[in-house]
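First comes the structure, then the notes that go with it.
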Amino acid sequence: MLETRSLDKLLRVIVREKGDYYVLIKQHDHALASGEFARHWAERPRPLEPTIYAIAHHDVAWQAPDERVRWNEETGRPYSFADYPPEEKVRAYVGGLAWLEERDPYAACLSSMHYETLVRRFGGSEAEAEFAEAETQRQARLRAGMSGEELESLERNLGLLRLCDGLSLYVCLNEPGDGGYPPPYPEGFELEGERFEPVWDDRHTLRLEPNPFSEPFGLFIPYMTVGRDRRPVESGRLELRVVTS
C-alpha cells in the first residue's frame with residue numbers, strides 16, 4: 001500500500017476508471033512501454049536508434065507536469081491527457097521537444113510530427129493552432145540537416161511511432177483481457193496498410209495477429225490508484241507478456 005502523502009506530488013495523465021477509484025499511469029511510463037513494442041519489432045526501422053529513442057521518449061514533455069496531480073473540478077476526475085488545459089499542454093510539448101532536440105534532432109522531428117498531427121486533429125484552441133504552425137517550422141529546420149535515408153524514412157517511422165503509441169495505450173486503458181481501441185486510434189492499429197489485431201491469450205498474455213515481433217518480451221508499467229476522495233490507495237505495476245504465437 002502507498003504510504004499516506006499528498007497527491008499534489010504525483011500526476012498520472014492516463015486515467016482509467018475502475019469502480020470507486022481511478023487507475024493512473026504516467027505518460028512517460030506509457031511512452032517507455034511504446035518503446036518496448038518498437039524495440040522488438042521484427043522489421044527494424046532506419047535509422048534504428050534515433051527512431052527507438054523517439055518512440056520511447058515521445059511523451060517526455062509530461063515529466064514536469066507529472067510532478068503533481070491536478071483534478072478537473074468540472075468532472076470530479078484527475079485531468080487526463082485528453083482534457084488537460086491546452087495552454088499548459090502546449091507549454092509542456094514545447095519544453096519536451098526542446099529537450100529532445102538537444103539530444104537527438106531526428107527523434108525530435110518525429111515527436112514534433114506526432115504532436116502536430118494530434119493537435120491538428122483534436123485541438124481547437126488558439127494556443128494549439130499556434131503550436132502546430134510553429135512545429136512545421138521546427139520540422140523544416142530539422143529536415144534540412146538530415147540525410148536522404150533519414151528523410152525517406154520519416155513517414156514510415158512516424159507510422160511506427162503511432163502504432164506503438166496506440167498499442168501501449170491499449171494495454172494502459174483496458175483492463176487486461178478486455179478489448180476496445182483507445183483514442184486517438186478508434187479505427188485500430190495499422191502500418192503501411194497492414195492491420196494488426198491484439199488478442200489476449202489470458203489476462204497476462206497478449207499477442208498481435210499477424211505477429212510483427214522478433215521475440216517474446218515483457219512489459220512492466222508502473223501505476224497508482226486513487227479514490228474518488230482524492231486519497232491514494234495503492235501502487236503497483238502492470239505486468240504483461242507479449243508473445244509471438
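Summary table below
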{"quantity": "Of all residues in region 17-27 being crowded, with 20+ Cβ neighbours inside 10 Å and either of a type in the set (Asp, Glu) or out of contact with any strand residue (DSSP E or B) (no Cβ under 6 Å at 6 or more places or on another chain) (or both), the one that is farthest from ASP104 (Cα to Cα)", "calculated": "LYS26"}
{"quantity": "Out of GLU88, GLU101, sole residue that is free of Cβ contacts under 8 Å to residues at least 60 places away in the same chain and under 22 Å from MET146 (Cα atoms)", "calculated": "GLU101"}
{"quantity": "Condition broken by ARG156, with the remaining ones in (1) in a helix (DSSP H, G or I); (2) farther than 24 Å from LEU100 by Cα; (3) at pLDDT 95 or above satisfied", "calculated": "(2)"}
{"quantity": "Subset of region 46-68 (residues that are among the hydrophobic types (A, V, I, L, M, F, W, C) and buried (at least 21 other Cβ atoms within 10 Å of the Cβ))", "calculated": "ILE52, ALA54, ILE55, ALA56, VAL60, ALA61, TRP62"}
{"quantity": "Exclusive hit being open to solvent by 70 Å² or more (accessible area, probe 1.4 Å) and either closer than 30 Å to LYS18 by Cα or not in a loop (DSSP other than H, G, I, E, B) (or both), set GLU130, GLU197, GLU150, GLU135", "calculated": "GLU130"}
{"quantity": "Residue, most open to solvent (accessible area, probe 1.4 Å), within region 83-97, restricted to residues that are in a helix (DSSP H, G or I) and either closer than 17 Å to GLU73 by Cα or among the hydroxyl-bearing types (Ser, Thr, Tyr) (or both)", "calculated": "GLU88"}
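Conditions (1) surrounded by fewer than 17 Cβ atoms within 10 Å (Cβ to Cβ); (2) at pLDDT 95 or above; (3) not charged (D, E, K, R), marked per residue:
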site	(1), (2), (3)
ALA107	no, yes, yes
LEU110	no, yes, yes
VAL119	no, no, yes
MET146	yes, yes, yes
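The values are calculated or read from the model by the stated rules, or taken from the named source; none is laboratory data. Note that the structure is predicted; figures quoted are calculated from it, not measured. Cβ atoms come from the backbone with ideal geometry, glycine included; neighbour counts cover every protein chain shown. Please note that ligands, DNA and RNA were not included when accessible areas were found on the heavy atoms of the full protein model with its side chains. Shrake-Rupley method; radii C 1.70, N 1.55, O 1.52, S 1.80 Å.
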